[in-house]
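Here the structure comes first, spelled out in structure tokens, and everything after it is commentary.
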Amino acid sequence: MGNWKFWEPFVQDIRYALRNMAGSKMFTSMAVLSLALGIGANTAIYSFMDAVMLRALPVKHPEQLVILNWKSKGDAPVVHSHWGSNYGEPGGGSTSPNFPYPAYELLQKSNDSLTALFGYMQAGRLNLVIDGQAELADGEYATGNYFSGLGIPAAAGRLIVPDDDRIGAAPIVVITYDYWRSRFGVNLGVLGKHIQINGASFVIAGVSAPEFYGVSPSIKPKLFIPMRGIGLVDSRPDWPDKFQEDDFYWIEVMGRLKPGKALADAQGQLAGAFHSWVEGTAKKDRERADLPALHLQEGGSGVDSLRRWYSKPLRILMGMVGLILAVACFNIANLLLARAASRRREIALRLSLGAGRLRIVRQLLTESVLLALLGGLVGIGFAALGIRFLLVLLGGDGDDAFTVNVGLDWRVLSFTLLVALVSGIFFGLAPALQAIGVDITPALKETRASEAHTRVRRFGLPFGLTHVFVVGQIAISLLLVVAAGLFVRTVANLHAVNLGFNAENVLTFHLDAGQAGYKDAALKRFYEDLQERFQNIPGVRGATSTDMPLVGNWMSTTSITVPGIPEPAEGQRGPNSAIAQVGTSFFETMEIPILVGRGIEKRDMEGAAHVGVVNQVFADKYFQGRSPVGLHFTLGGKKNGVDIEIVGLARSARYSSLKDDIPPVTYTSWLQSKEGGVRQMFFELRTTGDPIALTETIRQIVHQVGPQVPLAEVITQSHRIDQTINQERTFAQLCACFGALALLMACVGLYGTMAYAVARRTGEIGIRMALGATSGRVVWMVLREVIALSVFGLAIGLAAAYETTVFVKSFLFGVKPNDPVAVATSVGILVVCALLAGYLPALRASRIDPMVALRDE
């Protein structure tokens with residue numbers, strides 16, 4: 001009985017709240033829809049934050065994992081050559097997760113704080129041949145103790161062990177559970193199966209545990225290869241030497257702390273050992289002046305490369321959807337305030353019969369929390385749709401699929417529940433407190449006219465609590481609309497960039513015949529043969545090839561020696577140029593005008609004098625406006641450089657990205673490259689019609705010439721360019737949606753507030769009109785309040801925008817954070833929408849019949 005007496009009031013509150021919600025279907029529907037949109041947007045963005053930034057690796061005791069990095073004040077000159085990631089630090093200097101293999105071996109032997117120290121390296125996209133069928137798959141190289149160090153069990157077969165990671169070991173490979181399921185249908189018969197990886201034969205030894213895709217959220221490998229197997233997969237002959245070189249930084253390293261050991265213990269021990277080792281590799285004073293210093297960080301969430309890329313955008317988006325939810329809460333709070341005003345006599349009667357004020361607050365909050373929970377339940381559906389929409393925006397599909405597993409798991413659903421509860425209390429508390437502040441005796445006696453009079457006398461004109469919420473909605477909406485305007489202008493500016501070539505009706509695709517076993521002369525003949533076949537396809541106006549696609553968001557640069565320009569001092573950077581090795585007809589196919597001289601032709605082949613075409617930026621920077629045709633310069637270092645005769649001057653075209661300035665560019669013939677200089681190739685075909693329509697024809701031609709060479713990245717040149725501005729475009733689309741949603745909610749809130757105010761003042765307006773007030777004066781009386789609310793809201797919103805838009809500065813292009821055009825346009829949109837939202841209630845007020853209004857009780 002005692003337990004029932006404790007729960008009985010809660011059951012009564014819930015039953016009464018459900019009756020009220022059922023009796024006000026329109027109010028309930030609008031409130032639930034508003035909350036569902038706000039909570040759904042928050043849930044969708046949080047699911048990405050959880051997957052990218054918060055979720056721990058699916059391994060045993062992830063809190064014990066540590067990641068090894070090195071940091072330096074400058075460019076760490078002791079690192080003569082490195083491969084992999086090298087991040088610039090905000091305060092200057094650089095940091096990198098890559099180490100020489102000898103350093104990894106030293107650290108593995110000289111520590112007492114770790115139970116395991118293991119290494120790995122991304123293998124990139126590999127060419128797999130399974131049952132005679134070629135396909136591409138991302139892979140990862142792993143040391144022999146990689147899986148044991150992480151604590152990953154095998155789903156089938158066995159995983160990589162130290163005996164597999166040695167010279168002369170039988171080549172084995174471990175596939176992921178997801179790849180096992182999608183490619184082999186969870187068939188145990190694949191164990192022991194022979195497959196080819198880049199032309200080398202491997203045996204599938206086992207399958208990794210479900211949900212494990214490596215230690216980096218930025219990539220989703222399908223297979224793991226022993227580290228020493230890199231010499232079989234990578235055709236470059238110098239890999240055995242790389243395991244011995246002290247200045248080749250390439251392997252990434254993680255470790256597992258011993259139980260009871262702290263991160264600081266391992267840091268102190270390993271940092272000293274690494275400093276002694278790296279000091280011994282320095283050969284010059286300049287190198288000793290800035291040695292890399294070891295830095296350990298927590299590794300429970302894996303490598304942070306994806307977090308570096310998405311952390312700031314996700315935080316900004318999380319702030320925006322939080323503001324959307326705030327607008328929704330303000331809206332519902334306004335509706336609840338209106339309902340509370342109409343229930344004054346009901347609340348007064350409850351109080352007069354002995355109900356406690358806390359009891360009434362609890363009953364009113366129960367209703368608001370139920371509304372929020374119902375909104376959260378519907379919001380989960382919106383979140384599921386939002387996640388799918390965001391996955392398409394952020395990563396596309398196919399080859400560009402987003403690598404992180406994003407979904408509605410228990411963590412995300414717990415977040416949704418928490419947001420719903422907080423929202424229900426947030427928008428329900430103020431109306432509940434206002435409701436219990438009623439004076440019992442006057443409230444029991446008052447009519448609608450006296451009720452309206454009481455409201456005006458208590459809160460004044462025009463700013464009651466309802467109006468404060470409307471001001472907040474307008475301010476937040478302006479902030480979101482300004483952000484949307486900035487990103488829309490950024491995307492428009494990026495699309496307006498002069499490319500320097502014609503990107504329309506161009507199909508691009510990628511081939512890597514080097515992975516299929518083609519080398520040197522055979523590789524060049526393979527690509528030459530394909531280019532000729534592509535040129536003869538009906539509907540193809542031109543076909544060419546290059547090792548570096550235009551506007552592909554990556555570049556290759558090398559130092560050059562130009563006659564007349566002195567050599568730089570030691571440690572300083574001298575003249576350099578971006579490099580693109582191109583095939584014949586490149587300039588004609590891409591429609592890059594040759595200003596002086598000629599382009600790359602068939603005669604520029606191996607054995608002929610090395611020639612090159614430079615762009616206008618190159619000529620202006622290194623030849624001060626002189627015609628460069630006929631002049632020479634050295635490409636590469638002075639010892640091993642290649643003398644290049646400039647045979648043409650091309651108009652400057654965008655090289656790497658739309659945002660970066662065009663660098664000096666040298667176009668050379670890939671036919672003249674030395675052995676091993678060409679492996680992969682990008683082909684560009686200019687067509688008379690839809691480029692994508694030729695995909696199947698091209699696939700058939702490639703299969704005829706090289707059955708073991710898969711076709712990859714088949715997209716148009718325009719699509720390739722759009723991929724480089726994917727983040728800006730995604731931000732623009734999301735911000736536009738968020739801004740429109742906030743604007744709609746603010747207008748609905750303003751309309752509801754003014755409509756309610758007009759309804760409560762029907763008698764007053766009737767008296768005014770009976771005494772001679774014109775319709776225009778009544779309209780102005782209502783709009784005056786709308787204008788006052790808008791002015792206050794816009795003022796607060798402008799101040800907030802001025803302070804906060806600086807956070808999106810790094811995502812903008814060609815526009816300042818407080819761009820006058822974007823701000824003025826946003827203010828104009830808000831003013832027009834506010835006036836429209838207020839004009840309809842004002843117009844209704846001006847058409848009130850005085851006789852009907854005076855009898856309205």
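The figures follow:
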{"item": "Counted residues, the stretch 530-558 - those being out of contact with any helix residue (DSSP H, G or I) (no Cβ under 9 Å at 6 or more places or on another chain), part of a helix (DSSP H, G or I) and open to solvent by 50 Å² or more (accessible area, probe 1.4 Å)", "result": "2"}
{"item": "When residues of the stretch 91-148 are limited to those that are on the phi > 0 side of the Ramachandran plot and either in a loop (DSSP other than H, G, I, E, B) or among the hydrophobic types (A, V, I, L, M, F, W, C) (or both), the one surrounded by the most Cβ atoms within 10 Å (Cβ to Cβ)", "result": "G93"}
{"item": "In the stretch 671-707, residue nearest to G199 (Cα to Cα) [restricted to those that are under 32 Å from the mean Cα position of the chain (by Cα) and assigned to a strand (DSSP E or B)]", "result": "Q680"}
{"item": "Pairs, first over 30 Å from R183 (Cα atoms) in the stretch 221-246, second outside any helix (DSSP H, G or I), C-beta under 7 Å, six or more apart", "result": "K242/F248; K242/W250; E245/P100; D246/P100"}
{"item": "Residue tally, condition open to solvent by 60 Å² or more (accessible area, probe 1.4 Å) and hydrophobic (A, V, I, L, M, F, W, C), over the stretch 597-618", "result": "2"}
{"item": "Unmet requirement for G564, which otherwise passes all of (1) among the small types (G, A, S); (2) assigned to a helix (DSSP H, G or I); (3) open to solvent by 60 Å² or more (accessible area, probe 1.4 Å)", "result": "(2)"}
{"item": "In the stretch 149-180, the residues that are outside any strand (DSSP E or B), more than 32 Å from the chain's Cα centre (by Cα) and in contact (Cβ under 8 Å) with a residue 24 or more places away in the chain", "result": "R158, L159, I160, D164, D165, R166, I167, A169, A170, P171"}
{"item": "Any chance E63 is open to solvent by 20 Å² or more (accessible area, probe 1.4 Å), acidic (D, E) and modelled with pLDDT of 70 or more", "result": "yes"}
{"item": "Flag for A264 being in a helix (DSSP H, G or I), surrounded by 15 or more Cβ atoms within 10 Å (Cβ to Cβ) and out of contact with any Lys or Arg (no Cβ under 7 Å at 6 or more places or on another chain)", "result": "no"}
{"item": "The lone exception for A383 - which of (1) surrounded by fewer than 20 Cβ atoms within 10 Å (Cβ to Cβ); (2) modelled with pLDDT of 85 or more it fails", "result": "(1)"}
{"item": "Subset of the stretch 579-608 (residues that are touching a helix residue (DSSP H, G or I) at 6+ places or on another chain (Cβ under 9 Å) and of a type in the set (G, A, S))", "result": "A580, G583, S585, G599, G607, A608"}
{"item": "Options L783, L789, L711, L750; residue that is within 16 Å of I476 (Cα to Cα) and modelled with pLDDT of 75 or more", "result": "L789"}
{"item": "Tabulated pairs, the stretch 413-435, first more than 18 Å from L336 (Cβ to Cβ) and touching a residue at least 12 places away in the same chain (Cβ under 8 Å), second part of a helix (DSSP H, G or I) and among the small types (G, A, S), C-beta under 6 angstrom, 6+ apart or interchain", "result": "T416/G376"}
{"item": "Selection count, the stretch 336-347, where residues are at pLDDT below 75, in a helix (DSSP H, G or I) and open to solvent by 10 Å² or more (accessible area, probe 1.4 Å)", "result": "8"}
{"item": "Residue pairs meeting the criteria (Cβ under 6 Å; at least 6 apart or on separate chains; first farther than 21 Å from V378 by Cα, in the stretch 32-57; second modelled with pLDDT of 85 or more and assigned to a helix (DSSP H, G or I))", "result": "A56/P62"}
{"item": "Count - residues of the stretch 505-529 that are open to solvent by 20 Å² or more (accessible area, probe 1.4 Å) and part of a strand (DSSP E or B)", "result": "2"}
{"item": "For Q624: the one exception among (1) without any contact (Cβ under 8 Å) to a residue 40 or more places away in the chain; (2) buried (at least 17 other Cβ atoms within 10 Å of the Cβ); (3) in a loop (DSSP other than H, G, I, E, B)", "result": "(2)"}
{"item": "Boolean, D241 is open to solvent by 60 Å² or more (accessible area, probe 1.4 Å) and acidic (D, E)", "result": "yes"}
{"item": "Some residue of the stretch 37-55 being open to solvent by 80 Å² or more (accessible area, probe 1.4 Å), under 25 Å from the mean Cα position of the chain (by Cα) and either charged (D, E, K, R) or at pLDDT below 85 (or both)", "result": "yes"}
{"item": "Evaluation of G157 against (1) closer than 27 Å to I195 by Cα; (2) at pLDDT below 90; (3) surrounded by 15 or more Cβ atoms within 10 Å (Cβ to Cβ) (one fails), failing number", "result": "(2)"}
{"item": "Options L635, L658; residue that is open to solvent by less than 10 Å² (accessible area, probe 1.4 Å), modelled with pLDDT under 90 and on the phi < 0 side of the Ramachandran plot", "result": "L658"}
{"item": "Hits in the stretch 239-253 (condition: out of contact with any Ser or Thr (no Cβ under 6 Å at 6 or more places or on another chain), part of a strand (DSSP E or B) and not aliphatic (A, V, I, L, M))", "result": "Y249, E252"}
{"item": "Test: E252 is within 21 Å of L107 (Cβ to Cβ), open to solvent by 10 Å² or more (accessible area, probe 1.4 Å) and modelled with pLDDT of 90 or more", "result": "yes"}
{"item": "The stretch 642-655, residues that are open to solvent by less than 30 Å² (accessible area, probe 1.4 Å) and not β-branched (V, I, T)", "result": "G648, L649, A650, S652, A653, Y655"}
{"item": "Qualifying residues in the stretch 579-596 (those that are assigned to a loop (DSSP other than H, G, I, E, B) and open to solvent by less than 60 Å² (accessible area, probe 1.4 Å)) - the one farthest from T546 (Cα to Cα)", "result": "P593"}
{"item": "Identity of the residue in the stretch 802-827, at pLDDT 85 or above and under 19 Å from L741 (Cβ atoms), that ends up most open to solvent (accessible area, probe 1.4 Å)", "result": "T825"}
{"item": "Pair list, Cβ < 6 Å and 6+ apart or interchain, from the stretch 550-570 residues that are polar (S, T, N, Q) to residues that are open to solvent by 60 Å² or more (accessible area, probe 1.4 Å)", "result": "T561/K638"}
{"item": "Every pair of residues 6+ apart whose Cβ atoms lie under 9 Å, when the first sits in the stretch 596-608 and is on the phi > 0 side of the Ramachandran plot while the second is among the hydroxyl-bearing types (S, T, Y) and open to solvent by 60 Å² or more (accessible area, probe 1.4 Å)", "result": "G597/S627"}
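Conditions tested, residue by residue: (1) more than 23 Å from A134 (Cβ to Cβ); (2) open to solvent by less than 40 Å² (accessible area, probe 1.4 Å).
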{"position": "S208", "(1), (2)": "yes, yes"}
{"position": "E211", "(1), (2)": "yes, no"}
{"position": "K222", "(1), (2)": "no, no"}
{"position": "I225", "(1), (2)": "no, yes"}
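The values are calculated or read from the model by the stated rules, or taken from the named source; none is laboratory data. Keep in mind it's a predicted model, so treat the numbers as computed, not measured. Every residue, glycine as well, gets a Cβ built from its backbone with ideal geometry; the counts of neighbours run over all protein chains shown. Side chains are part of the model used for accessible areas, which takes the heavy atoms of the whole protein and leaves out ligands, DNA and RNA. Shrake-Rupley method; radii C 1.70, N 1.55, O 1.52, S 1.80 Å.
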